[in-house]
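Engineer: Here you go, one structure.
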Amino acid sequence: MKFAICNELFYSEDQERWTIPSQFAAAAELGFDGLEIAPFTLADHVAKITDEQKEEIIKASEESGLEVAGIHWLLLGPQGMHVTSPDEAVREATACYMQDLVRFGIDIGGSMMVVGSPQQRDIREGVHYEDAWAWFKDTMARCGQVGAQADFKVCIEPLAAVTKNNFLYRADEVLKMAAEIDMPNVGIILDTYSGLKEEENLPAAIRASKSLLFHYHCNDDSGYAPGLGDTDFVPVMEALVDIDYQRFASIEVFHFDRTAMEQGEIGLKTLRNALREARANP
């Protein structure tokens, strides 16, 4: 298992101080294996992200020894995007935009994308669930096709209702969609914060996801990094160990009033201790 941290934690603290090279350097100093990139920290539209910015990410990754864990917070920035809009033109523009995000993720050396974005996928009034399902599935398949040759993973994220989501709450729903798409690079990401709220048993959901679990987000139920709340990560790590999870467990937070270095340090220490305990008690 590898540990990463999401870069908006640095960006939200001080955009002038935390350049891309300094973000990678800080994450390396803390002991992480990767940095997860939110495209909105680079530009408000993926088409505005320059070749120079992409090269800077690649160089910073090489110099720090950290991997680009992938990309997330995909639809924060561009206006008018919605995967399940009743407007066909909006759906098509969104699907094309997400395909461009796959290309961006591949360009910077990432291995996956997290498809969350609750406010750009929620089922709007008058839209039938079956139609939303079909439209969302089509977009995920199109993203999978773009990423297939590079084995770039498309990770569909079940999200809790408290995130203003009303579509795809739980792992079993996403696993059903991934099975219908039936592509080796389209699977699931699970998130501790949402999983604790929606799953009857989060560790069981992790175990049920098995080979389709391509990414995992670690956040405390408090909305801060692991260790800054009451969430016990040992059962989570036990489940990840049980399925021989070898990909990234990445720290994502929703509250930014504590520093990036503090949340990163406490979060990583908490996860490593939980992993150590999980391995000691198979």
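The values are calculated or read from the model by the stated rules, or taken from the named source; none is laboratory data. As the structure is a computational prediction, the values presented were derived from the model and not from experiment. As a convention, Cβ positions derive from the backbone with ideal geometry for all residues, glycine included, and neighbour counts pool all protein chains shown.
Engineer: For the stretch 110-137, which positions are at pLDDT 95 or above, loosely packed, with under 15 Cβ neighbours inside 10 Å and not in a loop (DSSP other than H, G, I, E, B)?
Structural biologist: TYR129, GLU130, ASP131, ALA134
Engineer: Within the stretch 140-180, how many residues turn out to be of a type outside the set (Asp, Glu) and either closer than 20 Å to HIS128 by Cβ or outside any helix (DSSP H, G or I) (or both)?
Structural biologist: The number of residues fulfilling the criteria is 24.
Engineer: Check the stretch 251-264 and report whether any residue there is in contact with an Asp or Glu (Cβ under 7 Å, 6 or more places away or on another chain), exposed (fewer than 15 other Cβ atoms within 10 Å of the Cβ) and of a type outside the set (A, V, I, L, M, F, W, C). Before you say what the answer is, go through the steps one by one.
Structural biologist: Of the stretch 251-264, the ones in contact with an Asp or Glu (Cβ under 7 Å, 6 or more places away or on another chain) are 256, 259-260.
Now drop any that are not exposed (fewer than 15 other Cβ atoms within 10 Å of the Cβ), which leaves 259.
Okay, now just the ones that are also of a type outside the set (A, V, I, L, M, F, W, C), so 259.
Within the stretch 251-264, one or more residues are in contact with an Asp or Glu (Cβ under 7 Å, 6 or more places away or on another chain), exposed (fewer than 15 other Cβ atoms within 10 Å of the Cβ) and of a type outside the set (A, V, I, L, M, F, W, C).
Engineer: Quick one: TYR169 ticks every box in (1) closer than 30 Å to LEU202 by Cβ; (2) surrounded by fewer than 16 Cβ atoms within 10 Å (Cβ to Cβ) except a single one, so which number is it?
Structural biologist: Going through (1) closer than 30 Å to LEU202 by Cβ; (2) surrounded by fewer than 16 Cβ atoms within 10 Å (Cβ to Cβ) one by one, TYR169 breaks only (2).
To keep it simple, each residue is scored yes or no on (1) in contact with a helix residue (DSSP H, G or I) (Cβ under 9 Å, 6 or more places away or on another chain); (2) basic (Lys, Arg).
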| site | (1), (2) |
| --- | --- |
| GLU16 | no, no |
| GLY31 | yes, no |
| ILE49 | yes, no |
| LYS54 | yes, yes |
| PRO78 | yes, no |
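Engineer: I'm checking my understanding of the structure. Among residues of the stretch 36-69 that are among the hydrophobic types (A, V, I, L, M, F, W, C) and touching a strand residue (DSSP E or B) at 6+ places or on another chain (Cβ under 6 Å), which one is surrounded by the most Cβ atoms within 10 Å (Cβ to Cβ)?
Structural biologist: Filtering the stretch 36-69 for residues that are among the hydrophobic types (A, V, I, L, M, F, W, C) and touching a strand residue (DSSP E or B) at 6+ places or on another chain (Cβ under 6 Å), the one surrounded by the most Cβ atoms within 10 Å (Cβ to Cβ) comes out as ALA69.
Conditions (1) surrounded by 15 or more Cβ atoms within 10 Å (Cβ to Cβ); (2) of a type in the set (Lys, Arg), marked per residue:
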site: GLU180; (1), (2): no, no
site: VAL186; (1), (2): yes, no
site: GLU199; (1), (2): yes, no
site: PRO203; (1), (2): yes, no
site: SER222; (1), (2): yes, no
site: PHE233; (1), (2): yes, no
site: LYS269; (1), (2): yes, yes
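Engineer: Looking at GLY227 and the list (1) touching a helix residue (DSSP H, G or I) at 6+ places or on another chain (Cβ under 7 Å); (2) at negative phi; (3) outside any helix (DSSP H, G or I), which single condition is not satisfied?
Structural biologist: Single failed check for GLY227: (2).
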